[in-house]
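The values are calculated or read from the model by the stated rules, or taken from the named source; none is laboratory data. Worth saying up front: this structure is predicted, and the values here are computed from it rather than measured. A quick note on method: Cβ atoms are made from the backbone with ideal geometry, for glycine too, and the neighbour counts reach across all protein chains shown. For the accessible areas, the whole protein counts, side chains as well, though only heavy atoms, and no ligand, DNA or RNA atoms are used. Shrake-Rupley method; radii C 1.70, N 1.55, O 1.52, S 1.80 Å.
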There are 2 protein chains.
Amino acid sequence: MTSTIVVPDHVSFVDDAEALQRAVQGWGTNEKGIISILGHRTAAQRQHIRLAYHELYQEDLVKRLESELSGDFEKAVYRWILDPADRDAVLANVAIKKLVNPDYHVVLEIACIRSPEELLAVRRAYQARYKRSLEEDVAAHTTGDIRKLLVALVTAFRYTGEEINARLAKSEAGILHDAIKDKELNHEEVIRIVSTRSKAQVMATFNCYRDDQGTSITKKLLGEGDDHGTEFSKALRTAIRCLNDSKKYFEKVLRNAVKRVGTDEDALTRVIVTRAEKDLKDIKEYYYKRNSVPLEQAVAKDTSGDYKAFLLTLLGKED
Amino acid sequence: MTSTIVVPDHVSFVDDAEALQRAVQGWGTNEKGIISILGHRTAAQRQHIRLAYHELYQEDLVKRLESELSGDFEKAVYRWILDPADRDAVLANVAIKKLVNPDYHVVLEIACIRSPEELLAVRRAYQARYKRSLEEDVAAHTTGDIRKLLVALVTAFRYTGEEINARLAKSEAGILHDAIKDKELNHEEVIRIVSTRSKAQVMATFNCYRDDQGTSITKKLLGEGDDHGTEFSKALRTAIRCLNDSKKYFEKVLRNAVKRVGTDEDALTRVIVTRAEKDLKDIKEYYYKRNSVPLEQAVAKDTSGDYKAFLLTLLGKED
């Protein structure tokens, strides 16, 4: 665990609920007060605070915050306060619904980076929230090869053992190589390998590929703006990057989010909120190594106000 | 619950373990003793007995029984004594491995008849036992359209709510009709509908199909020994029958198992062992209605010895 958030030794859920109530009541909201509490509590603590708040005030804290806050700050607080599986369900649903102008990143991240048990929890949360299954919605909003890939990935329940079958890795690296060579990325064998093998096994396969071909599979796929639709090859490449090295993947998402003329707040919020309690410290290191600028500095430069203060708190800034 | 087994009011796991030990020790095995205990215990009780036996004798009861018993009786006792999810994992694995001479029934039954949570438990048990995921093995042992269908079904985690979207049922019944008409059963939309929708929804769709076409989808599929491979259309039909009316489906499996010249002991054992504590009483009723012969009588006629005694016990015969 390389969490970035700073959590006090002693936390009283009732005190927190009361302080949050003071922060949202009356005219004007005390955003700083909200940040100083929620920005320093773990996922489990935030759920306890939400329960305590409900018991004290017969009101859902999440709904109240939604009505008091606005803009990117509201979105970030909303995503932060939700239970992680429920948050992923919301992120996936929002992403699926805008698949007209396709952005498969979010679904791919959830499917390929969360652990098998976490992904399962997301599928449960999705059903509880939307009364449909995640795969049902993904399938209904996509078609063709992209559908095959996405549905296979979101329904996977991979084996988590560390055992590797080296011979299998070698033979499946060959299958991947042939598919890329023949420009048959959409081949069912490619989807089978990427979506059903354990992470350890699929990483061994990618390593074999690199050893045999002298270049990584993701580099090779970059060269393939090809007959079978760049969209599929892009999605496949994202899936492989997520499986292979999620920290490196997130570093790049952050880099792209801040380097654009208009900052991509959705991506920025998503990565910081979903990784703060997981591996954001490592991602910060990757970011600094790659960009020679601390992530906090890049974020501070591109954001403002309460939104900025909140993200910096999640990044580990002491108040 | 319409279980057929007869369970005494008071059960002592230690007494049972001791009695089983007496039944297996020394020369010759007391098969009647084994049946009189295990044939009258629920799945949870059998697990307790297995634990008690291990504590008393530092030996796995399952392994000991395997070494003492033989033939169809051994197979039936072995399947019966396992935890249901673990048993399904074994059944699936045996079926997958013989996919050279394909028999997809077992995998389809598990995928389409077990509840979503039960199917999930099977996937966990499969990993614990075989160090690979169920979908990984299914995918590795199949190809083409059959693979697409089977993998989609075993990875499903369907929504279990009773809500039905009538408009959706109507439109998806139309999609199924078009696919059958155009002889495109392997169409991705067919697989999507059958594998991702909730059972309530998919049944509503089949009902719409029947209302619109004047005949059931399974009857329609029977007519399709077609260009796209009878194997796929058979598997699809089995999946639909399992989703639609599993008791009727099992009645027919039993009917086929006993009506053949050589009895199909594997099927007979499988249905009786897996349904005894679920809905075997109902299946017996279906059987009697359809064949005018009680299932017990048909089983007694086609089997013999300890195997016969054991199946009849599971069917509810009092000792």
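Odds and ends about this structure:
- Residue in the stretch A:121-142 that is surrounded by the most Cβ atoms within 10 Å (Cβ to Cβ), counting only those that are in a loop (DSSP other than H, G, I, E, B) and within 8 Å of another protein chain (Cβ to nearest Cβ): A:133
- Considering B:115, B:36, the condition of being modelled with pLDDT of 95 or more and either farther than 25 Å from residue B:312 by Cβ or in contact with a strand residue (DSSP E or B) (Cβ under 9 Å, 6 or more places away or on another chain) (or both) is satisfied by B:115 alone.
- The set of residues in the stretch B:233-250 that are farther than 19 Å from residue B:118 by Cβ and open to solvent by less than 30 Å² (accessible area, probe 1.4 Å) comprises B:233, B:235, B:236, B:240.
- The C-beta contact set for the stretch B:294-314 (first residue assigned by TED's automatic domain parsing to the domain that holds residue B:251, second residue hydroxyl-bearing (Ser, Thr, Tyr) and assigned to a helix (DSSP H, G or I), distance under 7 angstrom, 6+ apart or interchain) comprises B:294/B:288; B:295/B:287; B:295/B:288.
- Counted as qualifying within the stretch B:251-319 are the helices (runs of 4 or more DSSP H) with 3 or more residues that are surrounded by fewer than 22 Cβ atoms within 10 Å (Cβ to Cβ) and of a type in the set (D, E, K, R), namely B:280-291, B:295-302.
- Number of residues in the stretch B:230-267 that are among the hydroxyl-bearing types (Ser, Thr, Tyr) and in contact with a Cys (Cβ under 6 Å, 6 or more places away or on another chain): the value is 1.
- Hey, residue B:58 on the phi > 0 side of the Ramachandran plot and free of Cβ contacts under 8 Å to residues at least 60 places away in the same chain or not: yes
- Some residue of the stretch B:92-99 being at the interface with chain A (Cβ under 9 Å from one of its Cβ atoms) and touching a Lys or Arg at 6+ places or on another chain (Cβ under 9 Å): no
- Per-region count, the stretch B:143-160, residues within 9 Å of chain A (Cβ to nearest Cβ) and either at pLDDT below 95 or more than 20 Å from residue B:117 (Cβ to Cβ) (or both): 4
- Scanning the stretch B:175-206 for residues that are open to solvent by 30 Å² or more (accessible area, probe 1.4 Å) and either modelled with pLDDT under 95 or more than 28 Å from the chain's Cα centre (by Cα) (or both) turns up B:175, B:177, B:178, B:181, B:182, B:183, B:184, B:186, B:187, B:188, B:189.
- Single unsatisfied condition, residue B:170 versus (1) within 11 Å of chain A (Cβ to nearest Cβ); (2) open to solvent by 10 Å² or more (accessible area, probe 1.4 Å): (1)
- When every residue of the stretch B:260-273 is checked against the conditions, at least one turns out to be under 21 Å from the mean Cα position of the chain (by Cα) and among the basic types (Lys, Arg).
- Scanning the stretch A:143-153 for residues that are buried (at least 21 other Cβ atoms within 10 Å of the Cβ) and without any contact (Cβ under 8 Å) to a residue 40 or more places away in the chain yields a single hit, A:151.
- Residues in the stretch A:149-174 that are within 21 Å of the chain's Cα centre (by Cα) and part of a helix (DSSP H, G or I): A:149, A:150, A:151, A:152, A:153, A:154.
- Filtering the stretch B:49-106 to residues that are open to solvent by 40 Å² or more (accessible area, probe 1.4 Å) and of a type in the set (A, V, I, L, M) leaves B:51, B:56, B:94, B:100.
- Here residue A:109 fulfils each of the conditions (1) surrounded by fewer than 24 Cβ atoms within 10 Å (Cβ to Cβ); (2) more than 11 Å from every other protein chain (Cβ to nearest Cβ); (3) of a type outside the set (A, V, I, L, M, F, W, C); (4) in contact (Cβ under 8 Å) with a residue 24 or more places away in the chain apart from (1).
- Hits in the stretch A:1-46 (condition: surrounded by fewer than 16 Cβ atoms within 10 Å (Cβ to Cβ), of a type in the set (A, V, I, L, M) and either touching a Ser or Thr at 6+ places or on another chain (Cβ under 6 Å) or without any contact (Cβ under 8 Å) to a residue 60 or more places away in the chain (or both)): A:7, A:11, A:14, A:44
Residues are listed down the side, and each one gets a yes or a no for (1) hydroxyl-bearing (Ser, Thr, Tyr); (2) over 15 Å from residue A:277 (Cβ atoms); (3) under 17 Å from the mean Cα position of the chain (by Cα); (4) outside the structural domain of residue A:196 (by TED's automatic domain parsing):
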{"position": "A:53", "(1), (2), (3), (4)": "yes, yes, no, yes"}
{"position": "A:64", "(1), (2), (3), (4)": "no, yes, no, yes"}
{"position": "A:77", "(1), (2), (3), (4)": "no, yes, yes, yes"}
{"position": "A:96", "(1), (2), (3), (4)": "no, yes, yes, yes"}
{"position": "A:112", "(1), (2), (3), (4)": "no, yes, yes, yes"}
